[in-house]
Every structure is written in structure tokens, then in C-alpha cells.
Number of protein chains: 2
Amino acid sequence: MMQHPENDKAYKGLTVNEGVENLPQVNPYAKFRRQKRVLSAEEYVEGILRGDITMLGQAVTLVESNLPSDQVVAQQVIEQCLPHAGKSVRIGITGVPGAGKSTFIEALGTELCQQGKHLAVLAIDPSSERSKGSILGDKTRMNELSVQANAFIRPSPSAGSLGGVARKTRETIVLCEAAGFDTILIETVGVGQSETAAHSMVDFFLLLQVTGTGDELQGIKRGIMEMADGIAINKCDGSNIERAQAARVSFKNALALFPPTESGWQPYAETCSAVEKTGIKEVWSMIEKYIRFARENGYFDRKRTQQAKYWMYETINSHLLNGFYQNPEIEALAQLMEKKVLNNEISSFIAATELLNAYNKLK
Amino acid sequence: MMQHPENDKAYKGLTVNEGVENLPQVNPYAKFRRQKRVLSAEEYVEGILRGDITMLGQAVTLVESNLPSDQVVAQQVIEQCLPHAGKSVRIGITGVPGAGKSTFIEALGTELCQQGKHLAVLAIDPSSERSKGSILGDKTRMNELSVQANAFIRPSPSAGSLGGVARKTRETIVLCEAAGFDTILIETVGVGQSETAAHSMVDFFLLLQVTGTGDELQGIKRGIMEMADGIAINKCDGSNIERAQAARVSFKNALALFPPTESGWQPYAETCSAVEKTGIKEVWSMIEKYIRFARENGYFDRKRTQQAKYWMYETINSHLLNGFYQNPEIEALAQLMEKKVLNNEISSFIAATELLNAYNKLK
């Protein structure tokens, strides 16, 4: 179905689409430029449903666009894709910067592609991230995975206001599923609100850890460990093997102290080395075991519908709040009020009231 | 300053107020009934500032009232109390049902009163809680603490819509501080949104644990352990001592695996027995150690201003969302849509859009 990856906004790499094979083969960049006319929702949907990953990539760009006209078409595309969505296994992957998230995703993804899975990776554009990853830049990331025929890699900026990126990730999942991807890996950065959002759109939430404490773990938010359905301790290689194995035991003990999960599943830890490609199958087997477990006891479906309910309210809330926060006058005033509150000049109550009064006058 | 506790809505117990000693002593119930006329914000504030705990109790009732007319006066009271607030140490206490939260709060509170502290306890009304506590009922709770001259105990319903109770708790803190209380214990139930909210209004967040796993820990939300600044393992008594001490070591090890706290503080665990009143001083000493630590490195004040910023936005958000969710027509439609989403009849996107469209038509 999918023949070549089309792995980001820059449209690197060749793209051969099913259904257009009989067209004369041209420079894909030129082809892309030609396609830059406005497509209809139906054209996007038709392309997505036949697994055209160029079209899928463009539809994701549309979904991520902030232009009101784009948003109208995007919403139509999403709604028409929805009946074809929902059939993948969605896996969230998070970890501290330096835990080797992209190397791990590449190793796991390559393994999954070799197993014949159709894999979509919703990755974080490292140039948007203030971490070690960004020094390496875009090009070094997931080179091996990106040549896999069954893989679609989509980096998106991690910067997100008020649920922004999260909501778009969720919509991107819908598009990928409609395009026939059966396994979706969603990378998050380990800080801020994005984890709660990611947790609310995946079936399995994997925490990638490395041995060590203190500075090495700086950059991950507290609370994430208790969200995890499983832990993979990466960099279990070379002189680090013993420490990684000891860490696995420590995590096992720690996980047993947590309150039981809603699913009844007991999270555990595996060691792996993304660089040496060891332990990757074991991590995947943990995920598969969970999925079987959750499907059998009905939690898998229950969680999906609970997530749908959560997203109904999240969508409403962000619409209601956007009207306020996206107003330029309010934005300026909010910054001023925030500064006053941080300097103890006024109370949060009064600052909020002043902002709400200003907003009511504008309406 | 405060002479007798006035410990809940039912106005049990005698109340002797400073400044009214020369009045003939009457049945406090009759006195309360007489006072049931509408007071002005200035009258409330004047009463609160001179430490009149009957007045404080009534002001809290006013703050908790949903009547628009009450809310107007309540807001004035809060604003006038604000310049006198902020000087207490605020401690959040959470734990599973059955961990002995109220017995622990009573033991800790009695200890603090004996140390000469002016203590306010914002407790959860057990009749509002579906837990073991509710079987025992109101009367058995905190009898010892409630006879302490320096204690103000205020039970409030735990049921909370959209940030409701949380916001009121925060406002109640302001009133208590203005009334001269220097130490405030805030009880939460260990589930749902209330913990995040509680965490955002306290200086120290204590998790009350008991030994055992599985069923005993059911009823606490995952993620709370990582929020804690310290853990107290209660019921370290009788045949349970060894297990509790072993649990302390396990928690110590687990806490060391968590990412570092923002404050730089390393949370740890103490054992105690609220029933036998052992280890209570050690738990308090942990809290005092933290407060000293956080004051010295500047985190205490930084967290307070960050919380003020958080509450500025929370106040705005709940105002913006209340207009939607408190609309009866929307409420009915939301229930219908939620049901459809849970039954997979429509998507969360479409449900949200229909609700927003209905709301826009109503406006």
C-alpha cells in the first residue's frame, strides 16, 4: 500500500504514489510544487483512503495550519476519515532528553516494519526542541526507519500553546489510521502538559529511562512514571549493562508500590539497547502482552470510549478558551497582569477579574 | 485570639467571641439564628480580622454559596482579606480511604495546638464521601482536636464540579489567614482533580500511606506519589510495626528513582501511628525541615507566586467555562452527546461541534 516514506514538511526523499504510477515520473519536488493548489476535502480523503502518503502528509500540514480557511477543510477531512479510523494500536513514548528516544523509536519501528506492520511515527521535530537532540539536527534522525516501505514518519513542532499540538496529534492519528496504518508511535518530550494529553490518546504509554539519577533525569516531569504502562531502560550496553539490570530491579520494586492501574495491568520494566538493537523485541512483547490483556478484560475499548469523552470536553474547552486567549488585546493585558501577579503587586483574583471585565467589554 | 472551635455548618459546640464577652451569654444556636440576617462585606471582614471564628465560619459558608448575591459579597470579603493573608504555612494531606486521614490530622493538629500554633483544618465532610469514613459519620471525627482553643475545623463537601471546591478551598485559606491562623491543614480525598488543585495551593504536600498493596491502595490516583513532598506511613503500631518500617525503606528507594523535585528537596518517608500518637513529631519535623529548606533557597516564595499565576489563569478559565457548562440547555445536551460518544454513535469532534453550535445560538 505505502511504498516510500514521506517523512516531513520539507518533503525529502522520493514519493511514489499508488494510483499515479501511470503518470510520467517527474522530480518529486516539482510535482509537490504543482500540487500546492488548494485541494478539496474530498480529494484529500480519497488520497488518504487509498494510502497516498504524500496526500496524507499534506493533510497533516493542513490540520496543523492555523489559517481559518485551512481549518474548515481540515475539519471536513477529519470527519470523513473518522469512520475509517480507530483500528490501530497507539503507543505513546516519552523519556528524558538524552534517553535516546529517536534511536529507540527507529530500532523499534524497524523491527515492527520487518514484522510487516504498517507503522506511522508522530515524532517531535528536534529543531523545535531545546535538548541534546536538536544539536544533531533533523537529518540524522531515523534514517534507517525512513527507508522502510511501510513507515510514515511525521515530525511536528513540540511547541504547543493551550492543547494546540496535542489536539493536532490526535487528529493526525485519525488521518494515519484512515490511511491504513495499524501501529502508531507517538513521541512526546517528557515535560509539560503534553504527557497528560498524550496519555489521553494512546493505548499504551511507554517511559524510556536510562540509569542514573539527579541531573540525568532532569527534564522529565514528576508524575510521568506513574502514568507509564511499562518502562524500557535504554542504553543497556557496554559497561552500562550491570547498572541497567540493577535499575530494572529497582524500577520493578518501585512500580509495585504504586496504586493499581485502572486496567488491572501491573507495569514492569525491560532493559534494551537501541544502538545495539538488543531487548527491542522484549519491549515490544511487553506492549503486545498488555494489549492482549487489556483487550481480553474489556479495558482496551473502555479506555478508548473514555478518551473520546475526554476529547469531547477538551475540544469544547479549548474552543471556549481560545476566544479569550487568542484575542490580541487580551493577550497583551494578560502578560501585564501576569507580571503584576508574579511581582505580588496584585492578587490573582483581581487580575483575573480585570481580564474578564476587559474581555466582556470587547465582546 | 480564638477561644473555642466552631467546627462546621451545623454549628455544634459553644462559641465565645472576642469583643462580645460583655454580652449576656445565650444559646449559641439562638444567637446564630439571630445573626442569619444579611451581613455586609465590611462586617464579615471586621469580624474575621479580629479572629471571630463564628464570623469566619459564616464567611466560608458565604464563599461556598452558589447564590449570585452571596458571591458578590464573598468576592468583596476575599479581596479585603487578601492584604492580611499569605502568612501561614499551608499543608496538603492526602491518602487512600482507610489510611486514617482524619485520625492523623487530629493527632498532628493536637500536637501543633500544643506547640501554640493557630491551626485551621479544611477537612472533607465525610458524609459527602463514599468511603469507609462515611459509615462512621460526622460526629466521631476530630473530637479531640475540636476542643483545642487554637483550632478551627471546617468540613466542606468533597463533591466538586469543574474546579468548584478547589477554588473555594483556596478562598477559604485566604479568610483563615486573615483571621490569624498560621498553620493550615488541607485534607483531600486522593482521587480525581482535587489533588492537582490542592497541590497548587499548598506549600507542602503530604501523602499518608499504609502498608500493603493492591486492594488497600485502590482509591488513590496514580501520579499522587510523585507529587508528594513527603510520605507518612501510618498505622505503624501493634503487629504492623515491622511491615511499616520495611515499607519506609521501600518508599525511600522508590522516591530516589523519581526525577528531582523543582525545589531540589528530596522527599522521604516517616512512619507514625496516629492512634498511638507516635512518630507524629517526626512527620512534623520533616515538614518543618522542608519549609526551612524551601525558604532558604527561595523556592517557597517562588512557588507561591507561581501558584498565584496558576490561579489567575484557573479563575479565568473556570469563569469562561462556567458560562457554557452551567447553562441548563447545554447541560442536557452535553449529557446526551456524552452518552452518544460513549456508545460510539458519534465522534468526540462532532459532539463538541454540535454543543458549541448550540451554545452560539443561545448567546
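The values are calculated or read from the model by the stated rules, or taken from the named source; none is laboratory data. All figures in this text were calculated on a predicted structure; none of them were measured in a lab. For neighbour counting, all protein chains shown are included, and Cβ atoms are generated from backbone atoms with ideal geometry for every residue, glycine included. Side chains included, ligands, DNA and RNA excluded: accessible areas come from the protein's heavy atoms. Shrake-Rupley method; radii C 1.70, N 1.55, O 1.52, S 1.80 Å.
Give B:Leu342, B:Leu320, B:Leu356 a once-over and let me know the one that is facing chain A (nearest Cβ under 7 Å) and in contact with a Leu (Cβ under 6 Å, 6 or more places away or on another chain).
Just one listed residue meets the conditions, B:Leu320.
Give the residues of segment B:96-111 that are farther than 14 Å from B:Ile186 by Cβ and not in a loop (DSSP other than H, G, I, E, B), sorted by residue number.
Within segment B:96-111, B:Thr103, B:Glu106, B:Ala107, B:Thr110, B:Glu111 meet the criteria.
Sort out which residues of segment A:46-74 are of a type in the set (A, V, I, L, M) and part of a helix (DSSP H, G or I), and write them in order of number.
Across segment A:46-74, the qualifying residues are A:Ile48, A:Leu49, A:Ile53, A:Met55, A:Leu56, A:Ala59, A:Val60, A:Leu62, A:Val63, A:Val72, A:Val73, A:Ala74.
If you go through segment B:112-138 one residue at a time, how many are closer than 15 Å to B:Pro157 by Cβ, at pLDDT 50 or above and not in a helix (DSSP H, G or I)?
4
Find the residue count for segment A:222-271, including only residues that are of a type outside the set (Val, Ile, Thr) and more than 12 Å from chain B (Cβ to nearest Cβ).
15
Which of the helices (runs of 4 or more DSSP H) contained wholly in segment A:256-363 include at least 3 residues that are closer than 30 Å to A:Gln115 by Cβ?
Qualifying helices (runs of 4 or more DSSP H): A:280-296, A:299-325.
Please enumerate the residues belonging to segment B:323-339 that are of a type in the set (D, E, K, R) and out of contact with any Leu (no Cβ under 8 Å at 6 or more places or on another chain).
Within segment B:323-339, B:Glu331, B:Glu338, B:Lys339 meet the criteria.
Inspect all residues belonging to segment B:274-281 and state whether any of them is closer than 30 Å to A:His319 by Cα and more than 9 Å from every other protein chain (Cβ to nearest Cβ).
no
Could you tell me whether segment A:285-297 includes any residue that is touching a residue at least 12 places away in the same chain (Cβ under 8 Å) and within 14 Å of another protein chain (Cβ to nearest Cβ)?
No: zero hits.
Step by step: first the residues of segment B:289-331, then only those that are of a type in the set (Gly, Ala, Ser) and modelled with pLDDT of 95 or more, then the one that is most open to solvent (accessible area, probe 1.4 Å). Which residue is that?
B:Gly298
It is to be established whether one or more residues within segment B:243-256 are open to solvent by 10 Å² or more (accessible area, probe 1.4 Å) and of a type in the set (Phe, Trp, Tyr).
So far as segment B:243-256 goes, no, none of its residues is open to solvent by 10 Å² or more (accessible area, probe 1.4 Å) and of a type in the set (Phe, Trp, Tyr).
Collect the residues in segment A:139-171 that are out of contact with any strand residue (DSSP E or B) (no Cβ under 6 Å at 6 or more places or on another chain), modelled with pLDDT of 85 or more and either acidic (Asp, Glu) or open to solvent by less than 10 Å² (accessible area, probe 1.4 Å) (or both), keeping them in residue-number order.
Result: A:Glu171, single match.
Can you list residue pairs whose Cβ atoms sit under 6 Å apart, with the first residue in segment B:236-255 being under 19 Å from A:Arg248 (Cα atoms) and the second being among the small types (Gly, Ala, Ser) and modelled with pLDDT under 90? Count only pairs 6 or more apart in sequence or on different chains.
Short answer, once both residue conditions are applied: B:Ala254/A:Ala254.
Restricting to segment A:48-100, name every residue that is of a type in the set (D, E, K, R), crowded, with 17+ Cβ neighbours inside 10 Å and farther than 25 Å from A:Arg304 by Cβ.
A:Asp52
Would it be correct to say that A:Glu177 is modelled with pLDDT of 90 or more and acidic (Asp, Glu)?
In short, yes.
Select from segment B:339-363 the residues that are within 33 Å of the chain's Cα centre (by Cα) and open to solvent by 40 Å² or more (accessible area, probe 1.4 Å) and write down the one among them that is modelled with the highest pLDDT.
Here the residue is B:Lys339.
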